[in-house]
Every structure is written in C-alpha cells, then in structure tokens.
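This report concerns only the one structure given below.
The values are calculated or read from the model by the stated rules, or taken from the named source; none is laboratory data. Since the model is a prediction, treat every value here as computed from it, not as a measurement. Note that we place each Cβ from the backbone using ideal geometry, even for glycine, and neighbour counts take in every protein chain shown.
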Amino acid sequence: MEASAPKRKEARKSLRIKVISMGNAEVGKSCIIKRYCEKRFVPKYLATIGIDYGVTKVQVRDREIKVNIFDMAGHPFFYEVRNEFYKDTQGVILVYDVGLKESFDALDAWLAEMKQELGPHGNMDNIVFVVCANKIDCTKHRSVDESEGRLWAESRGFLYFETSAQTGEGINEMFQTFYSAIIDLCDNGGKRPPSTMGVGFTKEQADAIRRIRNSKDSWDMLGVKPGATRDEVNKAYRKLAVLLHPDKCVAPGSEDAFKAVVNARTALLKNIK
Ligand code: GTP
Ligand code: MG
C-alpha cells in the first residue's frame, strides 16, 4: 500500500517579467509606480529623463514574480531614448490624466509608436495592457468620463482601472490584476488566454458609441447627410437602435448612446415634413 505521505507542494518557478509604462508627460506614470513600490506620493513634478529602471519582487497568488519596470518619459523629446525599450515586454501600463482630454486622445499614438518599434514581426496581441485613468482625485476638472475610457480599453481587450497615485485609490487592485493576467499569459506559453479576449461586445458597437459621442449634431449622430428624408432618418435610427439597444449591448456607454440616438431622431423628425 502506498504511504499516505503529505502531498508535496509543487514547486512553482518564480517568474521574471518586463513591464513598461507609456503615456503623455505628466499624466502620473512615475507616481503610479512609486505609489505601488514605495507607498508614497510626491506632489512635485520631476520629469523622467529618458527611462527610469527598477526591479521589484512581488507575490501574486501563489507565485513570486520578479518585475523589471521600465518607466518611460512621456515627453516627445525622449523618443530616441525610449524607442529601444519596447521589445520583449509582457505588460504595458498605459496612463492618461482624466482631466486632460489630449492625454486620452494620445493613447492611439502611443500604441502606434510601440507597434512601429516592434516592427512587422512584433505581436501586440500577446501583451497584457492595463489602462490607468489617473488623477481621479481631481474631480473638478474631469474631462474624460469612466465609460469613455473603459470603452476605449475594453474594446481592445485591455484592462481598465480608475486610479489616483495621490490617494492610492485603485493602485494595488490594478497591479494585482495586471500581474495576475501576465502570469496567466506566461502559463499559457506567452499567448493571451482565450478567456481574456472576449469583452461581450463588438467592435462595431464600440465604434458606433465613440462616433455618437463625438458627433457634432443630430444628423452626424445618426450618420445621415443634413437634409436627409424621414425614411433615411428612420432607417439610420433603426440600425443604430438594434445595434445599441441596452437589452443587447453591454458596451460601456451604450445606454447614453442609445438615448442620444432616440433624442436625435425625435429632434430631426420634428423638422422634416
Ligand atoms: P513624465 O515622466 O514626464 O513622462 O511624467 P509622468 O507621467 O511620469 O508624471 P509624474 O508621475 O511625474 O507626475 C506628474 C505630476 O502629476 C506630478 O506633479 C505628480 O505629483 C502629479 N500626479 C501624479 N499622479 C497624480 C494623481 O493621481 N493625482 C494628482 N492630483 N496628481 C498626480
Ligand atoms: Mg515619469
């Protein structure tokens, strides 16, 4: 008979990973990292010169991971310095300031810079991205709301967190979830596990919500030319209503977009004979 020896705990290899931070200058990248690693906040702005490098050991679930953090300077001036650090990265912390719309609009350009530096054979699909909507303590000046940020992130399969490096809100939770997703990626042979790919809504729904938010008038919102007929307005409305109906669409911001479309149609039909 086999002796009922206590099950030996399977020795889990400790992991080594590389993460980088990206985003415009002054959005709070260095402060987010400092808040997590050193549990403190520095109110004075000390711009990162080129790259700041640090190593830290963290415990996530039952694993110890050694994290190499490359904290990048956001200023365009440092492009030549940071461009060589994009390679061999498992995780990206992408930061914007919720009070500065241009820092949110710049996220696409940051992704484009990374893609360009990784070259034609680089694959961004197997990197974990976490978007930090930072400085949420500055409620007075908020110009990018949660649903807009979340939609941008989740429609790309990225994680999304609201953070404040000043108060610490969201920071630990963000890092734990981020590292956890990187462990899952490494355990899956460096490929993003399928469970983290689906977001429950389509790119078409996300694009429609974004377009509706940015539309300049009711015609634009429904995607018809000014002076369109009742039929054209109704047809465009029906298409959007089916796409964004709250019973069918779980994308962040879909409810507001649906209401806006209903209102736009009502306003246009009032003035069309
Ligand atoms: P670069 O290194 O130039 O790319 O900037 P960065 O993104 O690293 O910004 P940094 O972390 O240095 O922070 C910029 C300024 O924003 C500093 O004055 C910080 O004190 C301030 N700051 C950062 N995070 C927060 C936050 O969550 N809330 C508030 N109120 N201020 C913050
Ligand atoms: Mg910095």
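Hey, can you tell me all the residues within the stretch 110-124 that are within 14 Å of ligand 1 (Cβ to nearest atom) and either outside any helix (DSSP H, G or I) or hydrophobic (A, V, I, L, M, F, W, C) (or both)? Give the steps one after another, and end with the answer.
Start the filter on the stretch 110-124 by keeping residues that are within 14 Å of ligand 1 (Cβ to nearest atom), which leaves 110, 113.
Within the stretch 110-124, just TRP110 meets the criteria.
Just to be sure before I move on: is ALA181 closer than 14 Å to LYS39 by Cα, among the small types (Gly, Ala, Ser) and either touching a helix residue (DSSP H, G or I) at 6+ places or on another chain (Cβ under 8 Å) or without any contact (Cβ under 8 Å) to a residue 24 or more places away in the chain (or both) in the structure I sent? Don't jump to the end; show me each part of the working.
Details: closer than 14 Å to LYS39 by Cα: no; among the small types (Gly, Ala, Ser): yes; either touching a helix residue (DSSP H, G or I) at 6+ places or on another chain (Cβ under 8 Å) or without any contact (Cβ under 8 Å) to a residue 24 or more places away in the chain (or both): yes.
Criteria not met by ALA181.
All but one of (1) in a helix (DSSP H, G or I); (2) surrounded by fewer than 19 Cβ atoms within 10 Å (Cβ to Cβ); (3) under 15 Å from the mean Cα position of the chain (by Cα) hold for GLY157, so report the exception by its number.
For GLY157, the failing item is (1).
Determine whether the stretch 180-192 contains at least one residue that is polar (S, T, N, Q), in contact with a strand residue (DSSP E or B) (Cβ under 6 Å, 6 or more places away or on another chain) and assigned to a helix (DSSP H, G or I).
Within the stretch 180-192, the first condition is being polar (S, T, N, Q), and the residues that meet it are 180, 188.
This time we only want the ones that are in contact with a strand residue (DSSP E or B) (Cβ under 6 Å, 6 or more places away or on another chain), so: 180.
Those still in the list that are assigned to a helix (DSSP H, G or I) too: 180.
Yes, there is a match, as at least one residue in the stretch 180-192 is polar (S, T, N, Q), in contact with a strand residue (DSSP E or B) (Cβ under 6 Å, 6 or more places away or on another chain) and assigned to a helix (DSSP H, G or I).
Taking the criterion of being under 17 Å from PHE178 (Cβ atoms), within 10 Å of ligand 2 (Cβ to nearest atom) and modelled with pLDDT of 95 or more, would at least one residue in the stretch 35-42 satisfy it? Full working, then the answer.
In the first step, residues of the stretch 35-42 are kept if they are under 17 Å from PHE178 (Cβ atoms); the result is 35-37.
Those left that are additionally within 10 Å of ligand 2 (Cβ to nearest atom): none.
Looking for residues that are under 17 Å from PHE178 (Cβ atoms), within 10 Å of ligand 2 (Cβ to nearest atom) and modelled with pLDDT of 95 or more, one finds none in the stretch 35-42, hence no.
Filter the stretch 75-105 down to the residues that are in a loop (DSSP other than H, G, I, E, B) and more than 14 Å from ligand 1 (Cβ to nearest atom) and list them by number. So that I can check it myself, show each step before the final result.
Filtering the stretch 75-105 for residues in a loop (DSSP other than H, G, I, E, B) gives 75, 86-90, 98-100.
Those that are in a loop (DSSP other than H, G, I, E, B) and more than 14 Å from ligand 1 (Cβ to nearest atom): TYR86, LYS87, ASP88, THR89, GLN90.
In the stretch 50-74, which residues are more than 9 Å from ligand 2 (Cβ to nearest atom) and part of a loop (DSSP other than H, G, I, E, B)?
Correct list: GLY50, ARG61, ASP62.
For the stretch 15-39, give me the residue count where each residue is assigned to a helix (DSSP H, G or I), out of contact with any helix residue (DSSP H, G or I) (no Cβ under 6 Å at 6 or more places or on another chain), more than 7 Å from ligand 1 (Cβ to nearest atom) and in contact (Cβ under 8 Å) with a residue 12 or more places away in the chain. So that I can check it myself, show each step before the final result.
Going through the stretch 15-39, the residues assigned to a helix (DSSP H, G or I) turn out to be 29-38.
Those left that are additionally out of contact with any helix residue (DSSP H, G or I) (no Cβ under 6 Å at 6 or more places or on another chain): 29-34, 37-38.
Now narrow it down to the ones that are more than 7 Å from ligand 1 (Cβ to nearest atom): 33-34, 37-38.
The next check asks that each one be in contact (Cβ under 8 Å) with a residue 12 or more places away in the chain; those that pass are 33-34, 37.
Matching residues across the stretch 15-39 total 3.
I'm checking my understanding of the structure. Among residues of the stretch 73-108 that are of a type in the set (A, V, I, L, M, F, W, C) and over 17 Å from the mean Cα position of the chain (by Cα), which one is surrounded by the fewest Cβ atoms within 10 Å (Cβ to Cβ)? Let's see the steps before the verdict.
Residues of the stretch 73-108 of a type in the set (A, V, I, L, M, F, W, C): 73, 77-78, 81, 85, 92-95, 98, 100, 104, 106-107.
This time we only want the ones that are over 17 Å from the mean Cα position of the chain (by Cα), so: 73, 77-78, 81, 85.
Values: ALA73: 20, PHE77: 12, PHE78: 17, VAL81: 14, PHE85: 18.
Going through the qualifying residues, I end up with PHE77.
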